[in-house]
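Only one structure is covered here, and it is reproduced in the block below.
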Amino acid sequence: MNNQQKRAIEDAFNSMLRSDYIPLKDTEKLVRLADYYVDYLGFLREVVAESDHLIVGRRGTGKTTLLYRGLIETINSWRKSENLAKPKTLGIYLDLSKCHSLDDTASKEFSEFEHVFTTELLESVKAELSRTWPELKNKPGLIAKVFSSKEAAAKANTNSALDDLAKILSEGVLRIENKSGPQKITSSTSESLSYDETSQIKVKANPEANAGYKKTNNENNENSVESISTLQYRLNISDILRALSTIREAAGINHIVIFIDEFSSLNLDLQRRFSTLLRKILGNHSGVFIKVSAITDNYTLGSSIILQRDLFELNLDLDSYVERSGTLGSAMKGLSNLTRNLIDERVSAYASEIKCDDLFEDIDYTVEEMSKAAMGVPRTVGIILKQALSRNLSENLSIIRKSDIDYGIRYASKAYLNQFEGSCGVAIPSYYKDIWDALLEKAILERVKNDSTSSHFMVLPRNEIKLKYFNMFFISHLLTQGRTTKKDKATRSLYCFDYGVCIENNMLWGTDKNVIRQQRFAYDLILEPFDHHFERTKETHWRCPTCDSVYKEKELNVAGNLLGFCPKDKADLVEISGDDERSKYTEEEIKIVGAIRSSNEEDELLARHVADDVGCHIQKVAKFGEKLEREDIIRRKMKDRYIYFGND
């Protein structure tokens with residue numbers, strides 16, 4: 001390979017780490033994503049359909065990529081006849097992890113949260129319309145006129161603005177390659193009235209955003225008096241739905257899809273608030289449909305939203321794939337095909353002159369080993385390939401060897417295990433490390449006793465909660481539920497250890513159901529000593545999001561009435577059930593804590609390295625790392641750039 005080809009292959013493998021590294025304004029990269037995307041579960045048609053969906057999966061399983069691909073499909077629906085989306089489908093993408101203004105509403109009233117979310121959504125609508133129809137940049141203020149609060153709209157005639165916008169959407173020229181970013185548009189319209197009244201419309205993505213109507217009355221007499229009164233018109237979700245419905249009818253749009261990404265980046269309180277708001281949107285009869293992505297076991301929809309009624313689930317997780325495949329053997333073959341397709345399509349999109357068979361020393365070995373290591377997580381495939389290529393290029397070789405692939409597998413496995421161990425005792429309870437050690441010790445013992453495979457194990461449903469974080473960190477994988485051992489008819493869930501962990505501990509890997517379903521691999525007795533950590537009271541409590549005080553019902557009962565606010569600071573209380581396992585950090589933050597605390601100063605860990613291994617934004621690592629240093633959880637040191645490491 002020449003240097004240009006090496007850079008192209010590097011870009012191909014790096015593209016598997018995060019799809020949202022691609023700016024939405026970069027048409028060329030979005031077109032390339034459409035070319036290499038592998039829809040192995042067939043969910044793309046569902047994501048652009050006229051129904052509301054919840055897309056769930058562990059971090060790195062392709063949720064964001066699926067939403068991006070759906071957005072591209074909606075853009076293409078305006079100019080291509082062969083398309084999964086219906087003609088003239090409008091797509092809007094919103095990343096909640098970038099809506100930092102939502103964090104400031106945690107201790108404020110729900111109306112404030114709704115207003116801030118609405119303004120964030122409005123900015124996404126404006127940005128997407130301006131990107132897709134560049135002509136809108138020549139008409140500043142046009143979108144802002146249409147998207148105004150109901151009261152403000154009544155003060156100014158928006159019909160002409162609506163007509164202009166509808167004409168551009170239905171007849172305007174779509175972008176081919178637009179190098180400019182989203183346009184920040186502020187509009188103000190005014191008309192002369194007898195009392196010098198000025199109508200102002202301002203919408204920005206911050207908590208102070210509002211649509212205001214300002215009336216100034218000047219009276220000139222002996223004693224000059226000036227009186228000013230201001231009416232605050234605050235945008236809410238019904239204003240957005242009303243405007244979108246009006247645009248849809250005027251421009252002949254079939255339906256509108258709002259892709260909401262990174263729901264799990266919100267803390268538990270904000271997730272509950274968002275679920276309340278989401279209930280207002282679902283089934284809105286305005287031709288607007290919601291697609292929300294969340295991380296497995298790290299989200300709550302509250303009691304008002306019911307899956308398979310209000311939201312239909314699209315599951316990207318391994319156990320769902322095994323269930324669809326019918327058998328574990330069929331699923332493993334399918335994962336091998338997925339891994340091969342991921343590599344083929346990326347290499348073809350970035351370096352079409354290179355054949356995969358020529359890139360690897362043994363392509364069959366590469367696919368087989370990586371499919372067992374990744375277990376259906378495309379980002380893990382990307383990490384392995386990135387590290388294998390880096391090792392290969394450091395020795396100036398032109399072909400990726402089997403030893404390079406082995407190195408990449410060990411790197412990914414060690415990174416995941418380090419994240420887990422680094423988070424224990426700080427971001428998650430320390431007893432999870434004891435549970436992990438007990439499971440691993442049992443598996444190694446079974447391997448020594450029988451000199452056979454010990455890569456899989458089974459547990460009763462009541463013990464699944466004890467394995468939650470192992471799945472989250474990819475050090476174990478849930479394969480399927482409702483299985484029995486050969487001697488015991490009680491239904492259990494089948495798990496496997498991470499392939500890298502198996503290699504490290506000389507645990508043979510196997511998929512023979514006659515072996516992995518043996519009674520000796522039922523590990524419930526190993527987990528029994530930890531039962532007391534998971535006993536939960538059923539009594540409901542209330543927590544103050546401002547001072548973090550927790551109250552029992554009897555503490556809030558005043559003269560037969562239940563207080564809904566904190567007695568200390570009057571903030572609205574949040575109800576928490578006895579089964580809630582609250583964490584101070586989100587899933588993303590737990591992994592960042594683990595990645596940094598498991599590193600030494602000599603490792604010179606950069607924010608980019610953490611972001612690649614965890615699967616998050618570099619800015620998130622930098623901002624959160626600064627907070628962790630203030631709390632004396634990790635340390636930072638400035639060299640050319642900040643390096644991050646643990647306190648130990």
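The values are calculated or read from the model by the stated rules, or taken from the named source; none is laboratory data. This is a predicted model, so every value here is computed, not measured. Heads up, the Cβs are rebuilt from the backbone with ideal geometry, glycines too, and the neighbour counts pull from every protein chain shown. Ligands, DNA and RNA are stripped out before the accessible areas are found, and what is left, the full protein with its side chains, is counted by its heavy atoms. Shrake-Rupley method; radii C 1.70, N 1.55, O 1.52, S 1.80 Å.
A Cβ distance below 6 Å, combined with a sequence gap of six or more or placement on separate chains, defines the contacts here; from the stretch 593-607, residues that are closer than 13 Å to MET638 by Cα reach residues that are β-branched (Val, Ile, Thr) and buried (at least 24 other Cβ atoms within 10 Å of the Cβ) in the pairs ALA607/VAL621. Taking first residues from the stretch 92-105 that are among the β-branched types (Val, Ile, Thr) and partners that are part of a helix (DSSP H, G or I) and open to solvent by 10 Å² or more (accessible area, probe 1.4 Å), the Cβ contacts under 8 Å between residues at least 6 apart in sequence or on separate chains come to ILE92/SER124; THR105/GLU112; THR105/ARG273. Counting only helices (runs of 4 or more DSSP H) that sit wholly inside the stretch 350-446, those with at least 3 residues that are β-branched (Val, Ile, Thr) and within 24 Å of the chain's Cα centre (by Cα) are 378-394.
Of the residues ALA85, ALA49, the single one that is in a loop (DSSP other than H, G, I, E, B), open to solvent by less than 10 Å² (accessible area, probe 1.4 Å) and either in contact with a Lys or Arg (Cβ under 9 Å, 6 or more places away or on another chain) or over 25 Å from LEU338 (Cα atoms) (or both) is ALA85.
Residues that are within 23 Å of PHE497 (Cα to Cα) and open to solvent by 20 Å² or more (accessible area, probe 1.4 Å) within the stretch 337-365 comprise ASN337, ARG340, ASP364, TYR365, listed in sequence order. Residue count for the stretch 312-347 under the criterion of being within 30 Å of PHE289 (Cβ to Cβ) and without any contact (Cβ under 8 Å) to a residue 60 or more places away in the chain: the result is 2. Only one of the numbered conditions (1) modelled with pLDDT of 90 or more; (2) of a type outside the set (Phe, Trp, Tyr); (3) within 22 Å of PHE474 (Cβ to Cβ) is not met by GLU581, and that is (1).
Residue-by-condition table, conditions (1) modelled with pLDDT of 90 or more; (2) within 20 Å of GLY60 (Cα to Cα); (3) under 18 Å from the mean Cα position of the chain (by Cα):
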| site | (1), (2), (3) |
| --- | --- |
| ALA8 | yes, no, no |
| SER15 | yes, yes, yes |
| ARG18 | no, yes, yes |
| LEU24 | no, yes, yes |
| ARG32 | yes, yes, no |
| ASP35 | yes, yes, no |
| TYR40 | yes, yes, no |
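Applying a threshold of 6 Å to beta carbon distances and a minimum spacing of six or more residues, or different chains, the list of pairs starting in the stretch 560-571 at a residue that is open to solvent by 90 Å² or more (accessible area, probe 1.4 Å) and ending at one that is in a loop (DSSP other than H, G, I, E, B) reads LYS568/CYS547. The single condition among (1) assigned to a helix (DSSP H, G or I); (2) in contact with a strand residue (DSSP E or B) (Cβ under 8 Å, 6 or more places away or on another chain); (3) at pLDDT 75 or above that ILE92 does not satisfy is (1).
Checked against (1) open to solvent by 20 Å² or more (accessible area, probe 1.4 Å); (2) more than 17 Å from the chain's Cα centre (by Cα), THR65 passes all but a single condition, namely (2).
Of the residues screened, ILE22 is not one that is open to solvent by 10 Å² or more (accessible area, probe 1.4 Å) and over 29 Å from ILE354 (Cβ atoms).
When the stretch 508-520 is filtered for residues that are hydrophobic (A, V, I, L, M, F, W, C) and open to solvent by 10 Å² or more (accessible area, probe 1.4 Å), the ones remaining, listed by number, are LEU508, TRP509, VAL515. Residue check: GLU313 meets all listed conditions (1) over 14 Å from THR61 (Cβ atoms); (2) in a strand (DSSP E or B) but one, namely (1). As for the stretch 420-436, it holds no residue that is among the basic types (Lys, Arg), open to solvent by 50 Å² or more (accessible area, probe 1.4 Å), farther than 28 Å from PHE534 by Cα and in contact with a helix residue (DSSP H, G or I) (Cβ under 7 Å, 6 or more places away or on another chain). The set of residues from the stretch 245-263 being open to solvent by 10 Å² or more (accessible area, probe 1.4 Å) and assigned to a helix (DSSP H, G or I) comprises SER245, THR246, ARG248, GLU249, ALA250.
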